[in-house]
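**Q** Shown below is the structure under consideration.
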Amino acid sequence: MFSTLREDLRVVFERDPAVRSALEIILCYPGFHAIMFYRLAHWFWRNEFFLAGRFISHLGRFFTGIEIHPGAKIGKGFFIDHGMGVVIGETAEIGENCTLYHQVTLGGTSWAKEKRHPTLGNDVIIGSGAKVLGPFTVGDGSKVGSNSVVVKEVPKNSTVVGVPGRMVITEGKKVESKVDLEHGQLPDPEAKAISCLFDQIRALEQKVKDLTDEQHRLKAEIEPPAKAGNS
């Protein structure tokens, strides 16, 4: 238990530059509190005390604003930054050293009693407000941009942005050992598409101007000069 607690504290120190002390984490970090509630609730759930597990989970939600179903499977090194509004479903599986920001949802798309929530590989980062919906896998080392909605498989070492989520990088960079928290510095395919449209509009405007100037020149050459009036 104490080794797990030390590991959870270490993760916060590693990934949050604002933290100053272990006591601050224990007293003031809802993501840390949510993990503590989850570990207790998950123990009851695994031992088939389902009501107790759900009740402890509900208490955790009440105190932290983070809802983690006790049936979810979460690996070591898990970190929730800020955390308000995070929802993790019953059949969700989270690998090692994953990071979730506030308002992330790992949700399901089926009412059947089956695997219906996503599986995150190791070293996955989910940006704030992102929704990952369905029983597919987000591969190791992948990142999901803020406010993205992901509804299909993501290969490992990929970057997904947009609604619906579109893969913009896959195996594009060397994976570093240090966790990359720059989830706000992701490419934006929509902005790039709009920029291309503006470039095309400017080019068309220039062509219209050139044609108009040419038309005026030809008109001036064809039309005879105006006769001078009688004095």
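**Q** Tally the residues that are of a type in the set (Ser, Thr, Tyr) and assigned to a loop (DSSP other than H, G, I, E, B), restricting the search to the range 120-144.
**A** 2
**Q** So which of Gly107, Gly95, Gly129, Gly83 ends up being within 26 Å of Glu7 (Cβ to Cβ), small (Gly, Ala, Ser) and modelled with pLDDT of 90 or more?
**A** On inspection, the qualifying residue turns out to be Gly95.
**Q** Which of the following residues is assigned by TED's automatic domain parsing to the domain that holds Gly145 and either farther than 23 Å from Gly141 by Cα or surrounded by fewer than 18 Cβ atoms within 10 Å (Cβ to Cβ) (or both): Gly95, Gly121, Gly83, Gly107?
**A** Gly107
**Q** Can you spot a residue in the range 51-67 that is in contact with a helix residue (DSSP H, G or I) (Cβ under 8 Å, 6 or more places away or on another chain), charged (D, E, K, R) and not in a helix (DSSP H, G or I)?
**A** Yes: the range 51-67 contains one or more residues that are in contact with a helix residue (DSSP H, G or I) (Cβ under 8 Å, 6 or more places away or on another chain), charged (D, E, K, R) and not in a helix (DSSP H, G or I).
**Q** Of all residues in the range 194-208, how many are at pLDDT below 90 and over 30 Å from Gly162 (Cα atoms)?
**A** 0
**Q** Another question, then. Take the range 7-18 and flag every residue that is surrounded by 11 or more Cβ atoms within 10 Å (Cβ to Cβ) and either without any contact (Cβ under 8 Å) to a residue 12 or more places away in the chain or part of a helix (DSSP H, G or I) (or both).
**A** Those that are surrounded by 11 or more Cβ atoms within 10 Å (Cβ to Cβ) and either without any contact (Cβ under 8 Å) to a residue 12 or more places away in the chain or part of a helix (DSSP H, G or I) (or both): Glu7, Asp8, Leu9, Arg10, Val11, Val12, Phe13, Glu14, Arg15.
The values are calculated or read from the model by the stated rules, or taken from the named source; none is laboratory data. This one's a predicted model, so the numbers in the text were calculated from it and none came from an experiment. Cβ coordinates were reconstructed from backbone atoms using ideal geometry, including for glycine residues, and neighbour counts include every protein chain displayed.
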